[in-house]
Structure formats: C-alpha cells, structure tokens
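Data first, discussion second: the structure below is written as structure tokens.
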Amino acid sequence: MIGKKKIVVVLPAYNAEKTLEKTFREIPFDIVDEVILVDDFSVDGTSALAKDLGIRHVLRHNSNKGYGANQKSCYEKALSLNADIIVMLHPDYQYTPDLIHSMAYLIANEVYQVVLGSRILGKGALNGGMPVYKYIANRFLTFVQNILMNQKVAEYHTGYRAFSKEIFDSININANSDDFIFDNEMLAQICMANYEIAEITCPTKYFEEASSINFSRSLKYGFGVLGVSVKYFAHRFLKIKSTIFEDG
C-alpha cells in the first residue's frame, strides 16, 4: 500500500512462460499488495508457473478470447479485490517493473488518475530495439490521434499503464473490443471523460520472447486506431454518438 491505498498489479498473459518469472521477481512488493495473472488460454505452462511463483490470483480463460478480453478480466478481478490503484504490466519483460513506484505514487498522491509508461519520451524505443517501421507507425498514429482528439499525448500505444479505481466508475470498458484495439478505445474513453494523462519515460526491451503482433495484424491495428480517433472526433465535436463513449 501507499498510505491506505491498495495497489494491485495485473498481468494479462499469453504464452509468457519464458519471461514471467523475470517480470514477477522485479515487482516492488514493498508497495504492491496483490498480483493477478489472467492467462488467455496459453499453450505453454504460463498458468502452472504463475502458481508455482506464488501468485495468489491466477485466472485462465477456457478459450483464447483476445488481449482486450484479457484486460477486462484483469480489471474486473482487481476491482473485486477493492484495488485503489491498478497497474497493468505485460509479463513479457518488455517494460521494467521498476517504474511501478513512480506510476503508483503519482496516483496515490492524487496528482493524476492515469499514468502511462511511454517508450517514446526520450530514446527508449529505438535504443531498446523497437523496429524502425513500428517506431514510424507509432509516431504517425500518435500525431493523427492528437489532432483528432485535441490531446498532447506522447504515445497511445504503450502496454504499461496505471489507473485509479475512479477511472472504472467513469468509463465503460465492456463496450470496447476484445482485441488489441481495446487499449486505444480505453484511452479515448479516458480523454472523453476529461482526465489528464501523465506520462513517464520507460526504457523498453525488444527480444524474441517479447510479445508482438505481426505486420498484417499491425496494419489492422493501425486502421482500428484511426477509426477510434475518428469516432472520438465525431462524438465530441460533431455530436455523432458512438456507443463506446456512452455510459455503461
């Protein structure tokens, strides 16, 4: 805890057996109260390893439901444990758990309600091995999103995020996709609810075991991101309603 605020780390996992232990061992348990792992029907030993590591809350989907569906399960379980601060960390060891302190304290001290670990602030992305085409696509998509959504966010595409429980009372995550576009829809909902987003520089590691989507899925994701931004613009500025921005 920080003060009296309960901190829960959620790990949305899929075939994370090779990297889970390294990620878990670096979680700062001096402030983290609970860890939740949701296994989206991995074909390796992710769930068994999580239990061997002593993770108390291990949930396994009975089919591969998608990255967004995995996060929905993560947040539902965290809120059922009365989490005050929820940190979403990928168990593929691409993002360092060492930033959990900084991210959680910003929320615990009520400076921000949302904190992102950004690979783009500084030179963390390219130095960490992000493919150049992904870096260019990231910068292009973020530029367009900021214009359409009237924001100044450095990166919408990071998988390292911390939220206060208040966020989940203000947006309807169940209206979002079960696929990778969930991340962008959630941030768009947060912007629509007029929350200011904090970002801190996050070093990043790219290696064979780190999760990634292939080129065709990246292309689909990119068009999906643009679609979310257009919906945001239409909903906020043209009053053309979109269901993801309606109250749950």
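Nothing in this text is a laboratory measurement; each read-out follows from the coordinates by a stated rule. Nothing here was measured: the structure is a model prediction, and the numbers come from that model. All Cβ positions, even for glycine, are placed from backbone atoms using ideal geometry, and neighbour counts span all protein chains on display.
Laid out as a table, the results:
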item: Rg over Rh, two decimals, region 7-245 (C-alpha only, Kirkwood Rh); result: 0.94
item: Where the Cα pairs of region 1-75 fall when distances are cut into 5 Å bins, in %; result: 3, 17, 28, 24, 16, 8, 3, 1
item: Nearby aspartates and glutamates by direct alpha-carbon distance to Lys231 (threshold 18 angstrom, same-chain neighbours under 8 apart not counted); result: Asp178, Asp179, Asp183, Glu185, Glu246, Asp247
item: Mean Cα-pair separation over length for region 7-245, i.e. relative contact order, pairs under 8 Å, 6 or more apart, %; result: 23 percent
item: Restraint check, Lys72/Lys165; Lys6/Lys51; Lys65/Lys220; Lys51/Lys205, Cα-Cα greater than 19 Å; result: Lys6/Lys51; Lys51/Lys205
item: Dimensionless Rg over Rh [region 120-248; C-alpha; Kirkwood]; result: 0.96
item: Sorted peptide list for 69-77, 45-53, 191-199, 57-65, criterion being average Cβ within 10 angstrom, highest first; result: 69-77, 45-53, 191-199, 57-65
item: Candidates Phe140, Phe233, Phe182: whichever shows maximal mean-square fluctuation once the chain is modelled as a Gaussian network with Cα springs under 10 Å; result: Phe140
item: Projected area averaged over orientations for region 21-121, convex hull of C-alpha atoms, nm²; result: 7.0 nm²
item: Most fluctuating residue given options Ile85, Ile190, Ile55, as computed from a GNM of the chain linking Cα atoms under 10 Å; result: Ile55
item: Antiparallel content of DSSP bridges confined to the chain, in %, to 5; result: 30 percent
item: For region 120-195, diffusion coefficient by Stokes-Einstein and Kirkwood Rh (Cα), 37 °C, 0.692 mPa s, µm²/s; result: 240 µm²/s
